[in-house]
Each structure stands twice: as C-alpha cells, then as structure tokens.
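Some notes on the structure that comes next.
Values quoted throughout were computed directly from the atomic coordinates according to the rules given, and no laboratory measurement underlies them. Since this is a predicted model, take the numbers as computed values, not measurements. Cβ coordinates were reconstructed from backbone atoms using ideal geometry, including for glycine residues, and neighbour counts include every protein chain displayed.
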Amino acid sequence: EGINVQEYTGIKMKVLEWPEAAKKTIQGAVPEGANVYFVPATLRPETMYGQTCCFVGPKITYGIFKVSDNEYFFLSDRAARNMAFQSIFPEWGVFPKVAELQGADVIGTLVNAPLSVHSNGVRILPMETVKATKGTGVVTSVPSDSPDDYATVVDLAKKAEYYGIKKEWAELEIVPIIETPSYGNLTAPTLVKQMKINSPKDAKQLAEAKELAYKEGFYQGKMIYGEFKGRPVQEAKELVRQALIDSGNAFNYAE
Ligand code: A2H
C-alpha cells in the first residue's frame, strides 16, 4: 500500500464448466454464449506455465462484472472499481455488476489456465489466506514457485473431504519451470520441506520462504520450460507478460 504502485498482470481464466451450486445464479445473470473469466492478479507472469489450480477465499464476496457483450469478469468489488479507472471497462468509472457470489459457491469450477501445461483446465479451490483487500481476491496457483501455493495444495489434498473437494483437483502434476542455483528446479517445494513448513497457517515461515523464493527466482532464476527456455527470469518476465497480453489472455492492472 502507501505510495508504492504494484504492477500486476491480470490473467483471464475462462470458465469451461460451472459447479451445480453456481449454475442458477450464472444462468440468471450472464447471457447464453457469453464468456466469464476468473481474473487472478499475479506479480510473476513468467510462472504461468506451472498453474495447477486457482484460489478464491471461500468467505469472500465476489461479483461478476460485464466488460462487453461477451466478456464478464469474476473479481472482488474493490478490484472492479479500480479497473473501472484504468480503462479495463469501456465506460470510465463504471463497472456493471450482474451477480454476486461467495468464494465457496464457485469451488470446483473448471477454468482454462493460459500457457499452463494443464491444457484441459484447472479447478477453482479454496485458500483461507487470500486477502480480500489485495489484487483481485483471486490467486492463480503455481506450487512449483510459490511456497504459499505449495503449502495450500498439499493441505487441500490431505484434507480433501473436509474442504469438500475432489482430491485429484489439488494433485495436478507440478512441473519444473524455473531453475535456481540454491533450490533446484522446484523452488517452493524445496523451501517448504527445508523449512519444515507443515501448514498454510505457518504465516511467519511462509512469509520468509516467499521472500527467499521471490529473490532467488528473480535474480538467479532461469527458465527451463516454455517459449523462453534458457533465458533468465528477469528477461522472461516481460516477454511472457507481453505474449499473454498479445494473445488476449492478460492485461495490466495496477494498485
Ligand atoms: B503471485 P503482493 Cl509463482 N491474497 O503469483 C493473497 N495473495 C495474493 C492475493 C491476495 N488477494 N493476490 C495476489 N496474491 C499473490 C504467482 C506467484 C506469486 C509466484 C510466486 C510468488 C508470488 C502465483 N501464485 O507472489 O503482496 C499472487 O501470487 C509473491 C510475491 O502484492 C501475487 O503474485 O506483493 C502476489 O501474491 C502479490 O503479492
């Protein structure tokens, strides 16, 4: 917060299939044939090859907002308002809300994850630590390179029944995408194991792991997957971001 501007990339994850719990709300709000996108905000667009699921806060209230006749975004109200002043909606300051849903209502939704190795889609899953006041309130999960994401998918798979999800939704293969000298080719799992982090609630250790993973990935990381394989992360970050924007799968979002 404060005076610092955070430059996010908003990723457009197109809904392929809604869960039963959400269908009635959607049918009443979104015209047949129009696309709805979950829009996570990320600081690491170069990791999108490794997406295995996408998180929402189960207790957070979200809206579906109309961007055009055939495009609707699933976001927090707060993010929609900000986007309306960044020319992401066609009319300045206007962000038409067509539906309201709790995160819990959309668990299990199947969405497309642009660039991901999991090209048949990934699931929307719950993450208790998603903040309603940051980004879009939607977080795409890259467990190979984000300690928070890794700790969460391990916990979800362990307690699938408790969370009311299918275990396999949390267990999509974690493919190495970035190599670093200190942590090998699976930075987040390596750090989580080294630091003996047992739960997504180990906030202090996860914050430390996140810092280490972020710094090492940015300054020392090398792409070992995708179009920019062999390039340093510092270069690939902008190249992947631009490729996602050019293909219509992402846009810039600041706050
Ligand atoms: B990052 P900053 Cl691979 N609540 O994307 C909790 N976390 C959120 C969030 C919210 N409302 N909105 C975004 N985020 C996450 C990828 C990634 C991210 C990797 C590694 C590190 C990493 C895949 N998840 O972030 O507080 C998003 O996760 C560590 C810096 O604004 C977003 O980027 O600095 C990052 O936190 C934004 O965090």
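List of remarks:
- Members of region 144-155 that are under 16 Å from the mean Cα position of the chain (by Cα) and either under 17 Å from ALA207 (Cβ atoms) or aliphatic (A, V, I, L, M) (or both): ASP145, SER146, PRO147, ASP148, ASP149, TYR150, ALA151, THR152, VAL153
- Here is the figure for region 107-138: residues that are surrounded by 18 or more Cβ atoms within 10 Å (Cβ to Cβ), among the hydrophobic types (A, V, I, L, M, F, W, C) and more than 7 Å from the ligand (Cβ to nearest atom) total 9.
- Filter result (more than 15 Å from the ligand (Cβ to nearest atom), part of a loop (DSSP other than H, G, I, E, B) and out of contact with any helix residue (DSSP H, G or I) (no Cβ under 8 Å at 6 or more places or on another chain)) within region 157-178: LYS159, GLY164, GLU173
- Candidate set: region 56-88, residues that are in contact with a helix residue (DSSP H, G or I) (Cβ under 6 Å, 6 or more places away or on another chain) and assigned to a loop (DSSP other than H, G, I, E, B); chosen: the one farthest from VAL5 (Cα to Cα): PRO58
- Region 190-211 residues that are in a helix (DSSP H, G or I), paired with ones that are charged (D, E, K, R) and within 11 Å of the ligand (Cβ to nearest atom) (beta carbon under 7 Å, 6 or more apart): LEU206/ASP148; LYS210/ASP148
- Put simply, of TYR49, TYR37 the only residue that is within 30 Å of PRO200 (Cα to Cα), more than 11 Å from the ligand (Cβ to nearest atom) and either more than 21 Å from the chain's Cα centre (by Cα) or not in a loop (DSSP other than H, G, I, E, B) (or both) is TYR37.
- Hey, PHE74 away from the ligand (no atom under 13 Å from the Cβ), of a type in the set (Phe, Trp, Tyr) and touching a residue at least 60 places away in the same chain (Cβ under 8 Å) or not: yes
- Output for region 217-237, where each listed residue is within 15 Å of the ligand (Cβ to nearest atom), outside any helix (DSSP H, G or I) and among the small types (Gly, Ala, Ser): GLY221, GLY226
- Note on region 139-156: among residues that are near the ligand (Cβ under 7 Å from one of its atoms) and in a loop (DSSP other than H, G, I, E, B), the one that is surrounded by the most Cβ atoms within 10 Å (Cβ to Cβ) is ASP145.
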